[in-house]
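All remarks here apply to the structure that follows.
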Amino acid sequence: MDKNGDGSISFDELQTGLGKRENGEELMRILRAADTDGNGFINYTEFLAATMSAHTFLKEQYLRTAFKMFDKDNSGKIDSSEIGQLLSGEEFRDVYTNIELDAAIKEVDKNGDGEIDFEEFMQMMKDIAY
């Protein structure tokens, strides 16, 4: 995309590179916002910052969707009964005891309220990923 090889992508170069993509206008809007120094170009640092922010946002959206699957009563927290409901199927019947589930919740429940809120859920998922 960097046609003139100057290490930056102008909006004209970007528009040409994107062509007639379905979401081209929306992407252009996002990338214009990434031009934090307002010089009309996206340098490498601005590009990395924009893509990292988008990646983090998407990851958080996926985690929020997963969290809502557990949070059956939409309270914003997951308690042991909600986890129990999800694990009550035939395939989990003999895998986890109530004591093990309670221990797992205590491990993740950093504020000690007996439930897992979204921030605790996100931290748990990050810990699993790394």
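Of the residues GLY114, GLY89, which single one is small (Gly, Ala, Ser) and modelled with pLDDT of 90 or more?
Values: GLY89 fails: modelled with pLDDT of 90 or more.
One residue alone meets the criteria, GLY114.
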Response to the item:
Selection over the range 108-126 where residues are of a type in the set (Asp, Glu) and surrounded by 12 or more Cβ atoms within 10 Å (Cβ to Cβ) yields a count of 4
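With TYR130, TYR44 as the choices, which residue is under 25 Å from the mean Cα position of the chain (by Cα), within 30 Å of LYS3 (Cβ to Cβ), exposed (fewer than 14 other Cβ atoms within 10 Å of the Cβ) and at pLDDT below 85? Quick ask: steps written out before the conclusion?
Numbers: TYR130 fails: within 30 Å of LYS3 (Cβ to Cβ).
Within the list TYR130, TYR44, the selection yields TYR44.
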Worksheet item: So, of the residues in the range 14-38 that are assigned to a loop (DSSP other than H, G, I, E, B) and modelled with pLDDT under 70, which turns out to be surrounded by the fewest Cβ atoms within 10 Å (Cβ to Cβ)?
Response: LYS20
Response to the item:
Output for Cβ contacts, cut-off 7 Å, separation at least six or different chains, first residue in the same structural domain as GLU120 (by TED's automatic domain parsing) in the range 93-109, second surrounded by 10 or more Cβ atoms within 10 Å (Cβ to Cβ) and polar (S, T, N, Q), reads LEU101/SER80; ASP102/SER80; ILE105/SER80
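The values are calculated or read from the model by the stated rules, or taken from the named source; none is laboratory data. Source: prediction; values computed, not measured. FYI the Cβ positions are ideal-geometry reconstructions off the backbone, even for glycines, and counts take in every protein chain you see.
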